[in-house]
Amino acid sequence: MRTYLVTGGAGFIGSNYIHYMFRKYDNEIRIINVDKLTYAGNLANLADVENRDNYTFVKADVCDSSAIRKIFAENDIDRVVHFAAESHVDRSIKDPEVFVRTNVLGTLVMLNAAKEAWEKEDGTFKENKKFLHVSTDEVYGSLDYDGSYFYETTPYDPHSPYSASKASSDFLVKSYMDTYGFPANITNCSNNYGPYQFPEKLIPLIINNALHGKKLPVYGDGKNVRDWLYVEDHAKGIDMVQEKGRLFETYNIGGHNEKQNIEIIYTIIDTLQEMLSDDDPRKALVSRDLITYVADRKGHDKRYAIAPDKIKEEVGWYPETCFAEGIKKTIKWYFENEDWMNNVTSGDYQKYYEDMYKNR
Ligand code: NAD
Ligand code: TYD
């Protein structure tokens with residue numbers, strides 16, 4: 001039975017990936033999920049898998065070399081899928097240090113532990129061991145509104161402390177592949193959306209605020225463009241790259257789904273109006289009047305867009321969920337999981353929200 005070590009599996013994409021993998025492979029695989037449970041990690045995301053015999057949770061920091069090495073020593077790990085990271089650009093602008101620690105040092109610790117466990121005496125690696133580093137298209141910088149795309153060959157040009165830390169971690173993975181022949185892949189994905197996303201990111205924040213009749217903060221002119229991918233398609237892409245991709249390669253994963261932020265907000269409002277029943281008191285709260293233009297994000301990247309040609313040609317992956325369908329599924333999930341949203345927005349979130357939005 002193949003054993004996966006997933007880092008950051010209690011977060012948004014990691015938990016969706018774990019659900020996807022158990023749906024696909026059921027009892028054919030074993031998953032060990034290592035997560036520090038920061039503000040973004042939530043074991044409620046994994047409530048329906050926690051009792052499986054082939055699932056184990058370990059609370060640990062990826063920067064804790066002895067904890068990570070112990071997991072490798074006690075388990076014959078076949079696959080590492082490394083999600084654990086600080087992931088929010090706005091937080092990185094306020095407090096970059098933890099981004100360097102977790103994203104750069106944490107990746108180095110994961111690489112060293114896997115290398116130590118997988119390297120043979122002659123310096124080659126054991127058969128069929130693979131490390132996948134989950135990264136972002138933000139490492140490529142920002143595009144103009146001109147129809148151009150990020151490709152795997154696009155030079156790195158990160159602008160935010162978040163993207164700079166992810167770029168650094170990508171370079172570390174590349175250096176291990178080039179120096180040691182370490183068996184890895186890197187995937188650089190566009191903006192994800194879907195169930196279990198923490199409401200600091202645009203889509204769940206807008207859904208939650210709209211349902212409470214709170215202001216919908218739009219940074220700058222609202223015309224910045226992101227390429228949105230339904231999270232389950234990302235999970236599938238990661239699995240396909242690890243099983244069908246060429247080792248040592250980078251694959252960009254994107255939705256072919258570019259939208260201006262303001263378009264996303266209009267779509268959420270319209271979809272909420274459509275999906276809420278007439279007798280639901282929240283229906284009267286949801287309105288375009290809530291849209292509030294606020295101060296722009298510092299260094300705000302204009303546009304991200306991926307042409308996922310390489311992954312389509314080599315791996316056979318393509319984005320399956322169109323935005324109209326994906327956003328309905330997402331909103332339906334938030335309707336059905338009001339308690340989840342109430343839990344994550346109580347306590348520290350209120351303070352975060354006040355701090356982040358007070359001067360905007
Ligand atoms: P998230 O913030 O929702 O989850 C991050 C998870 O990592 C949390 O469970 C958190 O507890 C855990 N974590 C943080 N620091 C840790 C540490 N030191 N040790 C162990 N665990 C730690 O993030 P996400 O949106 O699910 O992103 C996952 C990965 O995908 C990240 O590497 C991110 O850069 C990348 N990515 C995200 C997007 C996106 O749109 N969200 C797009 C492309 C790539
Ligand atoms: P976000 O979800 O933070 O993802 P990223 O910065 O990694 O792309 O933001 C998506 C876009 O939405 C980005 O252009 C910033 C913008 N945005 C707002 O306009 N208002 C908000 O409250 C947030 C959180 C984001």
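Results, tabulated for the structure shown:
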| quantity | calculated |
| --- | --- |
| Accessible surface, per residue, of the chain when the full set of protein chains is kept, probe 1.4 Å, Å² | 43 Å² |
| 21 Å Cα-Cα threshold exceeded, pairs from LYS94/LYS223; LYS166/LYS332; LYS166/LYS302; LYS215/LYS283; LYS166/LYS329 | LYS94/LYS223; LYS166/LYS332; LYS166/LYS329 |
| Cut-off of 10 Å, at most 14 other beta carbons, DSSP loop: longest stretch of the chain lacking such GluC sites (Glu not before Pro) | 128-319 |
| FRET efficiency estimate (nearest 0.05) - Cβ-Cβ, ASN128 to ARG297, R0 51 angstrom | 0.75 |
| The stretch 280-328-the stretch 68-130 distance, computed between alpha-carbon centres (Å) | 29 Å |
| Charge dipole (the chain, unit charges on Cβ, about Cα centre) - positive-most of THR321, TYR219, LEU247 | TYR219 |
| Extension gain, ALA307 back to ASN359 (0.36 nm per residue minus Cα-Cα distance, nm) | 15.1 nm |
| Helix axis angle, 348-357 relative to the chain longest principal axis, alpha carbon, degrees | 70 degrees |
| Alpha carbon Rg of the chain, scaled by the compact-globule rule 2.2 N^0.38 Å | 0.97 |
| Within the accessible area of the chain (1.4 Å probe), percent carbon and sulfur | 48 percent |
| For the stretch 1-40: rounded, prolate or oblate by the Cα gyration tensor [a/c cutoff 1.5] | oblate |
| Inter-site label distance for ASP26 and LYS244 at 7 Å from Cα along Cβ, in nm | 2.2 nm |
| Using θ = phi - 60° and Karplus 6.51 cos²θ - 1.76 cosθ + 1.60, couplings along the stretch 137-143 (whole Hz; Gly, Pro as x) | 6, 5, 5, 7, x, 10, 9 |
| Added length on full extension, which subtracts the Cα-Cα distance from 0.36 nm per residue, HIS212 to TYR180 | 6.2 nm |
| Cut-off under 5 Å, modelled amide H: who pairs with THR292 long-range | LEU216, VAL218 |
| Candidate aspartates and glutamates - alpha carbon under 16 Å from LYS130, same-chain residues fewer than 8 apart omitted | ASP76, ASP78, GLU116, GLU119, ASP170, ASP178, ASP239, GLU243, GLU249 |
| Antiparallel bridges, percent of DSSP beta bridges restricted to the stretch 175-304 (to nearest 5) | 20 percent |
| Cα long-axis angle, helix 12-25 against the chain (0 to 90 degrees, to the nearest 10) | 60 degrees |
| Integer Hz, Karplus 6.51/-1.76/1.60 couplings in order for the stretch 308-318, x for Gly and Pro | x, 6, 5, 5, 5, 5, 8, 10, x, 8, 8 |
| GNM flexibility winner over the chain from THR187, THR271, THR124 (Cα, springs under 10 Å) | THR124 |
| Residue-by-residue Karplus 3J(HN,Hα) for the stretch 120-132, coefficients 6.51, -1.76, 1.60, Hz, glycine and proline x | 8, 4, 7, x, 8, 10, 3, 4, 6, 9, 9, 10, 10 |
| LEU37 versus GLU336: modelled label distance in nm, points set 7 Å from Cα along the beta carbon direction | 2.6 nm |
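The values are calculated or read from the model by the stated rules, or taken from the named source; none is laboratory data. Remember, it's a predicted structure, so these values are computed and weren't measured experimentally. Note that each Cβ is placed from the backbone with ideal geometry, even for glycine, and that neighbours are counted across all protein chains shown. Please note that ligands, DNA and RNA were not included when accessible areas were found on the heavy atoms of the full protein model with its side chains. Shrake-Rupley method; radii C 1.70, N 1.55, O 1.52, S 1.80 Å.
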